[in-house]
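Colleague: Let me give you the structure first, and then I'll get to my questions.
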Amino acid sequence: MSHNAPSPCKCVDLAKLEPVFQQYRKKTGALIPVLQAAQDIYGYLPIEVMESIAENLNVPVSQVYGVVTFYAQFHLEPRGKHIIRSCQGTACHVRGASRILGALKENLNVEPGHTTADLQFTLETVACIGCCSLAPVIMVGENAHARLKPSGIAKILDGYRD
Amino acid sequence: MTTALPRLANAAALNDFQKQALPKIAIRHDPKAPPYEGVTHHIMVCFDTGCHASGGGAVALELEKELAAKGLDKKVKVVRTGCHGFCEIGPLVTVYPQDLFYIRVKPEDAAEIVEKTIIGGQPLERLFYKLNENAPAVSKWKDIEFYALQNRITLRNCGHMDPGEIEEYIAGGGYQALAKALGMKSNPEALLNEVKKSGLRGRGGGGFPTGIKWELCRKAAGDKKYVVCNADEGDPGAFMDRSLLEGDPHRVLEGMLIGALVIGADEGYVYVRAEYPGAIRRLRQAISQAEQMGLYGNNILGSGWNCTIHIKEGAGAFVCGEETALLRSIEGERGIPTARPPFPAISGLWGKPTNNNNVETWANIPDIILNGGDWFASRGTEKSKGTKVFALAGKLNHTGLVEVPIGITMRKIIFDIGGGIQNGKQFKAVQIGGPSGGCLPASLLDLPVDYDSLVEAGAMMGSGGLVVVDEDTCMVDLARFFLTFTQSESCGKCTPCREGTTRMLDILNNITQGKGQKGDIELLETLARSIKQAALCGLGQTSPNPILSTLRYFRSEYEAHINDRKCPARSCSALLTFTIDKDKCLGCCACQKVCPVEAIEGDKKEPHVINQDKCIKCGSCEDVCRKAKAINRS
């Protein structure tokens, strides 16, 4: 399946990080919260941002990169306007999650972990959302959609498209 | 209730505050209680993620709109509660003082609820629960079997109060345990003894005695100590920690504060999955309210004792549920486990003695302190005391959150509380304990559910996820599913887990794709045993459990895949052939339209045929052929 990665923006405004540094600079264990705050600002973690964080928290860039790539929550590429998280938990699995994911892949024409070329959607899988009673479930942004059938996916996605 | 919260100077002030708060919620317990400040009714709407996904949010809004339109918004309070438990039939609505329980409520029902039940004082029978079509309607939630067979301690408040109002928690006896503990501040040994006497064991899965864990940390040398709440609920199929944090956050906070007091800690962390934004919001709100009231922070209840608790958001790594990995993650590092000893009780967060318990464990503490260890120990079995919360999911009729005394049989949970298997299918197995647990077959349905019996049977209590599967689920595929999960979540530090899970997954992939070979089963067993012994942390050590338990109880399914190239559950698509029954086919062309590879041939009103060379076995045709049911799997 072809995947057109959107080109990352070259103009990262690092000044936006200053308030984050001010809040966390002297605190222990700050790296993860700072990365979370930075990702909230930029939507992902461009290399310039990671370098700036390393410098300001006085840790090697390699450590920043190591933490970023360890946790599923951090992203090195820009992300879509709507994040779709397709639950692959046990309860969803036995109630047909793989076919829901199949329908999402087909509709969006991207593989999990990637973003549509128009930056509308990023498709992700998640181990469990915690709505096991209503399986199979997906989350679009913070909205959970429950008791899904593959045939209902198109309508849900259309509701989010611009 | 946005009025500023008063700061409580001491335990007596807490008692006074409780007395003042009680009449505000009295109509929920006593139908004859007088209205408080003109409020005659409370409509409780379940606002937990589950009911919310079913449309609970819209129901609450619509109810408020209808009430405002009728000028009743001052007389009737709509309360957004945490998880009520019976998620399957949500959104759930309870009306007080009549104590009427409405299920599967839609926004369109709001007008009728206001008109008939609130104004007319009449029940709305069409929204009552019925076990089946011919069963009598049940008007009160307590009378429904799903609830009647439970024993709710930690879940007592969930679904029955507004988790955003500290006043409601205090009215129900909240923070009394903390006040009692602070009164015994000079004698923490006595508090510790109650926890030890209770026999409470870690609810996160391992089942280590909580009192002993506390004692180790209390006795450890160090001027600075920490308490940690593990809310990194990563086991797919378990959601009790989320529900507790969303539905009764103060209970968890109160438990942690008491633990900190006993251990001698003055700082703590709650490590919550970032996938649980609602739980994080609730917890933040709870901490802020408790601080305003002097129940948290500096000089708690005028005792001179201080304690601060921080919230750390996880960043999406299952291994962080392992306590040493979790501590590394709080420190801002990659969440990689470290070898024990030293145990965190001796050297934990930043090298300081640290006591880490799971959400449900902390939530049990206030009741143990208030009612005593003996009270708690009167429930459960000889070696596993108290109650346990289970998340029922999978192919059950009644899915949701239940709390039962430990030692109850699996049969009672699945068939009496859980209502048996969906669509009249056969029970095949129950998966308990998530990716670290095991699958138990029908022959073990009468096994008492406790820590030790489960381990003996090849499973484990785990965090309490119960996923029930029926005859249509392939057990080899289920084991493969869990291995896919643990393999991708393996942190990669130790070779047995990193390489071992990859090899086991390769073999399982081959078997489910019809490429299994003689000797695969034996190789799986050898690998599984080595990994169990050699892996560094709990994730690796328990990762072979799903394979070993399915091999123990469902070996014939593995053999059928390998020797006969057949999937007995007719689920592994590579081993299936889809065909169309000529006599049943109506020639409607529906399957032709959905087939993604144009493998279905045949003219309108003529029987269709599947071209086996093209068919990718996706099952789309089977889904659309609902009327004729002409598609066969073999």
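Colleague: Quick one: in the stretch B:216-268, of everything that is of a type in the set (Val, Ile, Thr) and either in contact with a Leu (Cβ under 8 Å, 6 or more places away or on another chain) or part of a helix (DSSP H, G or I) (or both), which residue is nearest to B:CYS158 (Cα to Cα)?
Modeller: Here the answer is B:VAL252.
Colleague: Restricting attention to the stretch B:437-461, report how many residues are of a type in the set (Gly, Ala, Ser) and part of a loop (DSSP other than H, G, I, E, B).
Modeller: 4
Colleague: What residue, among those in the stretch B:283-318 that are among the small types (Gly, Ala, Ser) and modelled with pLDDT of 95 or more, is nearest to B:PRO6 (Cα to Cα)?
Modeller: B:GLY294
Colleague: I would also like to ask the following. Just give me the residues in the stretch B:493-536 being in contact (Cβ under 8 Å) with a residue 40 or more places away in the chain and either assigned by TED's automatic domain parsing to the domain that holds B:GLY205 or part of a loop (DSSP other than H, G, I, E, B) (or both), in sequence order.
Modeller: B:LYS493, B:CYS494, B:GLN513, B:GLY514, B:GLY516, B:GLN517, B:LYS518, B:ALA535, B:LEU536
Colleague: Continuing with this model, one more query. Being within 25 Å of B:GLU233 (Cβ to Cβ), within 20 Å of the chain's Cα centre (by Cα) and in the same structural domain as A:ASN143 (by TED's automatic domain parsing) is the requirement here; does A:LEU108 meet it?
Modeller: Here the answer is no, as A:LEU108 does not meet what is asked.
Colleague: Of B:GLY255, B:GLY234, B:GLY222, B:GLY264, which residue is in contact (Cβ under 8 Å) with a residue 60 or more places away in the chain and under 26 Å from B:MET161 (Cα atoms)?
Modeller: Only one candidate passes the filter, namely B:GLY255.
Colleague: Hey, can you tell me all the residues within the stretch B:379-393 that are in a strand (DSSP E or B) and within 26 Å of B:VAL270 (Cα to Cα)?
Modeller: Passing the criteria: B:LYS385, B:THR387, B:LYS388, B:VAL389, B:PHE390, B:ALA391, B:LEU392.
Colleague: Of everything in the stretch B:407-436 that's part of a loop (DSSP other than H, G, I, E, B) and crowded, with 23+ Cβ neighbours inside 10 Å, which residue is modelled with the lowest pLDDT?
Modeller: So, considering only residues that are part of a loop (DSSP other than H, G, I, E, B) and crowded, with 23+ Cβ neighbours inside 10 Å, the one modelled with the lowest pLDDT is B:GLY433.
Colleague: Using the structure shown, decide if B:GLU37 is more than 30 Å from B:VAL252 (Cα to Cα), surrounded by fewer than 24 Cβ atoms within 10 Å (Cβ to Cβ) and modelled with pLDDT under 95.
Modeller: yes
Colleague: May I ask you to verify whether B:GLY492 is at the interface with another protein chain (Cβ under 10 Å from one of its Cβ atoms) and either out of contact with any strand residue (DSSP E or B) (no Cβ under 9 Å at 6 or more places or on another chain) or closer than 22 Å to B:SER543 by Cβ (or both)?
Modeller: Yes, satisfied.
Colleague: Moving to a separate point now. State whether one or more residues within the stretch B:45-55 are crowded, with 23+ Cβ neighbours inside 10 Å and among the acidic types (Asp, Glu).
Modeller: Scanning the stretch B:45-55 turns up at least one residue that is crowded, with 23+ Cβ neighbours inside 10 Å and among the acidic types (Asp, Glu).
Colleague: Quick one: B:GLY50 ticks every box in (1) touching a Phe, Trp or Tyr at 6+ places or on another chain (Cβ under 9 Å); (2) away from chain A (no Cβ under 14 Å); (3) assigned to a helix (DSSP H, G or I); (4) not polar (S, T, N, Q) bar one, so which box is it?
Modeller: (2)
Colleague: Go through the stretch A:22-59 and count every residue that is more than 20 Å from the chain's Cα centre (by Cα) and surrounded by fewer than 18 Cβ atoms within 10 Å (Cβ to Cβ).
Modeller: 11
Colleague: Can you name the number of the only condition in (1) more than 17 Å from A:GLN36 (Cα to Cα); (2) touching a strand residue (DSSP E or B) at 6+ places or on another chain (Cβ under 6 Å); (3) touching a residue at least 40 places away in the same chain (Cβ under 8 Å) that B:TYR271 fails?
Modeller: Every listed condition holds for B:TYR271 apart from (1).
Colleague: A further question on this structure: Take the conditions within 12 Å of chain A (Cβ to nearest Cβ) and among the small types (Gly, Ala, Ser) and apply them to B:GLY234. Does it pass?
Modeller: It is true that B:GLY234 is within 12 Å of chain A (Cβ to nearest Cβ) and among the small types (Gly, Ala, Ser).
Colleague: Before we move on, is B:CYS572 within 14 Å of another protein chain (Cβ to nearest Cβ) and either farther than 18 Å from A:SER151 by Cα or at pLDDT 90 or above (or both)?
Modeller: Answer is yes for this residue.
Colleague: Among the helices (runs of 4 or more DSSP H) confined wholly to the stretch B:537-634, which include 2 or more residues that are in contact with a Phe, Trp or Tyr (Cβ under 9 Å, 6 or more places away or on another chain)?
Modeller: B:545-563, B:620-624
Colleague: Same structure, new question: Output the residue which, of all residues in the stretch B:320-344 that are of a type in the set (A, V, I, L, M, F, W, C) and open to solvent by 10 Å² or more (accessible area, probe 1.4 Å), is nearest to the chain's Cα centre (by Cα).
Modeller: Out of the qualifying residues, it is B:ILE336.
Colleague: Determine the pairs where a residue that is assigned to a helix (DSSP H, G or I), located within the stretch B:289-305, has a partner that is open to solvent by 10 Å² or more (accessible area, probe 1.4 Å) and among the basic types (Lys, Arg) with Cβ atoms under 7 Å apart, the partner being 6 or more residues away or on another chain.
Modeller: B:GLN292/B:ARG7
Colleague: Go through (1) assigned to a loop (DSSP other than H, G, I, E, B); (2) facing another protein chain (nearest Cβ under 7 Å) and name the single condition A:TYR160 misses.
Modeller: Condition (2) is where A:TYR160 drops out.
Colleague: Could you pull out every one of the helices (runs of 4 or more DSSP H) wholly within the stretch A:30-81 that has 3 or more residues that are at the interface with chain B (Cβ under 9 Å from one of its Cβ atoms)?
Modeller: Counting at least 3 such residues, we get A:31-42, A:61-70.
Colleague: Which members of the stretch B:93-110 meet the condition of being among the aliphatic types (A, V, I, L, M) and farther than 23 Å from B:PRO35 by Cα?
Modeller: B:ILE103, B:VAL105 - these are the residues of the stretch B:93-110 that are among the aliphatic types (A, V, I, L, M) and farther than 23 Å from B:PRO35 by Cα.
The rows are residues; the columns are (1) over 17 Å from B:ALA574 (Cβ atoms); (2) loosely packed, with under 13 Cβ neighbours inside 10 Å.
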| position | (1), (2) |
| --- | --- |
| B:CYS595 | yes, no |
| B:GLU606 | yes, no |
| B:VAL609 | yes, no |
| B:ASP613 | no, yes |
| B:LYS629 | yes, yes |
| B:SER634 | no, yes |
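Colleague: A further question on this structure: In the stretch B:324-378, what count of residues is obtained for those that are assigned to a helix (DSSP H, G or I), among the hydroxyl-bearing types (Ser, Thr, Tyr) and away from chain A (no Cβ under 14 Å)?
Modeller: 2
Colleague: While we're here: Report whether or not A:LEU119 is open to solvent by less than 30 Å² (accessible area, probe 1.4 Å) and either outside any strand (DSSP E or B) or not basic (Lys, Arg) (or both).
Modeller: no
Colleague: How about the stretch A:133-155: which of its residues are touching a Cys at 6+ places or on another chain (Cβ under 9 Å), at the interface with chain B (Cβ under 8 Å from one of its Cβ atoms) and in a loop (DSSP other than H, G, I, E, B)?
Modeller: A:ALA135, A:VAL137, A:ALA146
Colleague: Taking the criterion of being open to solvent by 20 Å² or more (accessible area, probe 1.4 Å), without any contact (Cβ under 8 Å) to a residue 60 or more places away in the chain and in contact with a Lys or Arg (Cβ under 6 Å, 6 or more places away or on another chain), would at least one residue in the stretch A:132-145 satisfy it?
Modeller: No: zero hits.
Colleague: Of all residues in the stretch B:310-323, which are of a type in the set (Asp, Glu) and either more than 8 Å from chain A (Cβ to nearest Cβ) or out of contact with any Pro (no Cβ under 8 Å at 6 or more places or on another chain) (or both)?
Modeller: Those that are of a type in the set (Asp, Glu) and either more than 8 Å from chain A (Cβ to nearest Cβ) or out of contact with any Pro (no Cβ under 8 Å at 6 or more places or on another chain) (or both): B:GLU322, B:GLU323.
The values are calculated or read from the model by the stated rules, or taken from the named source; none is laboratory data. Everything quoted here is computed from the prediction, not taken from an experiment. So basically every Cβ, Gly included, is an ideal-geometry build from the backbone, and we count neighbours across all protein chains shown. In case anyone asks, the SASA skips ligands and DNA or RNA and just uses the protein heavy atoms, side chains included. Shrake-Rupley method; radii C 1.70, N 1.55, O 1.52, S 1.80 Å.
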